Amino acid sequence: MIPVLFLTVDKPKVRLQKFLSEAGVCSRRASEQMILKGKVFVNGARVTELGTKVAPEVDQVVVDGQAVKTRRKIYLALFKPRNVVCTCKDPQGRLTVMDFIPPEMNHVYPVGRLDYDSEGLILLTSDGEFCNRVTHPSNGIDKVYYVEVKGAVSRETTSQMLKGVHDQGDFLRASAVKVLKSNNTRTCMAITLREGKNREIRRILDSLKLIVLVLRREQVGPVKLDKMILGKWRLLTKTEIQLLLGI
């Protein structure tokens, strides 16, 4: 009798935190914290090591008692209104960006943040790699804001925005400033940021004694608000996704 050889084909494995982020549980950084806190189980065993790898098609992953399965990656652009929080849930019961997204897409999460009292473009995704790519300062993805401030703005002031200011231990600076319109009543500007620290534009303007009247994010990399309606969302195009991923 000729012996029969049973060949086993290894399924490709990925890091557990990457699997969780791509499954839409949360971002990769948040997934790492969940693992370290012992909230993730693989095949019935609690996992606390960040180096753990899983085969998505084979291993059973459970978080907070719920089985995690891979999902289609989603990339959205939302025109966020003012007084909306850029989180998935808010303990204070305020509106979040998720209130504007269809229930069947509730596994997405915000890419970065946009101030509660600011409006404009915010991206959402279920792809952790995409989120890291867009938010990490080293990738140099520009974010353009339309800003109106009270009164006239001098060249010295716009120059100082480019040179940078120190605030609460942070060095803050704009990578580009363009005055669109200015008079004694108000000044309209397009301000570009590259790092995007917390409330960076407001902190820069506050340091320069400027009062913000309107602040709206118009663009993230190649993605623009254009004719989007306040409170509405759209899917990113394939070209926009590839440009943001650097493909």
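Overall, the chain carries a charge dipole of about 420 debye about its Cα centre when +1 sits on the Cβ of Lys and Arg and -1 on the Cβ of Asp and Glu, all other atoms neutral. Of the peptides 147-156, 85-94, the ranking by mean beta-carbon count within 10 Å, highest at the top, reads 147-156, 85-94. Given a cut-off of under 8 Å on Cα pairs at least six residues apart, what relative contact order in percent is computed for the chain? Relative CO of the chain lands at 19 percent.
Can you give the extra length, in nm with one decimal, that the chain gains between residue 170 and residue 206 once fully stretched, where that is 0.36 nm per residue apart less the Cα-Cα distance? Write down the numbers at each step before the final one.
Working: separation 36, 0.36 × 36 = 12.96 nm, distance 1.38 nm.
In short, 11.6 nm is gained.
Applying 0.36 nm per residue to the separation of residue 235 and residue 152 and subtracting their alpha-carbon distance, the gain on full extension is 26.0 nm. Where [x] -0.41, -0.95; [y] -0.58, -1.08; [z] -0.43, -1.06 are the candidate values, the label of the one calculated here for log10 I(q)/I(0) by the Debye sum over Cα atoms at q = 0.10, 0.15 Å⁻¹ is [y]. What the phi angles of the range 63-75 give under the Karplus curve with 6.51, -1.76 and 1.60, with θ = phi - 60°, is a coupling list of 10, 6, x, 10, 5, 9, 10, 5, 10, 5, 6, 10, 9 Hz, glycine and proline written as x.
In this simple spin-label model, placing a label point 7 Å from the Cα along the Cα-to-Cβ direction at both residue 159 and residue 182 gives a separation of 1.2 nm. Semi-axes of the equivalent ellipsoid for the range 61-123, computed as √(5λ) from the eigenvalues of its C-alpha gyration tensor and ordered from largest down, come to 24, 14, 9 Å. When the chain is described by a simple charge dipole with +1 on each Lys and Arg Cβ and -1 on each Asp and Glu Cβ, the residue from 228, 201, 153 located farthest towards its positive end is 153. Here the sum of -39500 (n - 2.57) over DSSP H runs of 4 or more residues, divided by the residues of the chain, equals -5500 deg cm²/dmol at 222 nm, to the nearest 500. Across the range 142-220, the volume of the C-alpha convex hull divided among the residues equals 77 Å³ per residue.
Note on residue 37 and residue 59: the model spin-label points, each 7 Å out from Cα along the C-beta direction, lie 2.1 nm apart. In the structure shown, the pairs 143/209; 69/224; 197/232; 178/224 are assessed against 20 Å; a Cα-Cα span above that value is assigned to 143/209; 69/224; 197/232.
For the range 14-68, what is the relative contact order in percent, using Cα pairs closer than 8 Å and at least 6 residues apart in sequence? Computed over the range 14-68, the figure is 35 percent.
For the range 142-220, the relative contact order is 47 percent, taking Cα pairs closer than 8 Å that sit 6 or more residues apart in sequence and dividing their mean separation by the residue count.
Computed from the coordinates by the stated procedures, all read-outs in this text should not be read as laboratory data. As the structure is a prediction and not an experimental result, all values here were calculated from the model. Here the Cβ is made from the backbone with ideal geometry for all residues, glycine too, and neighbour counts use every protein chain on show.
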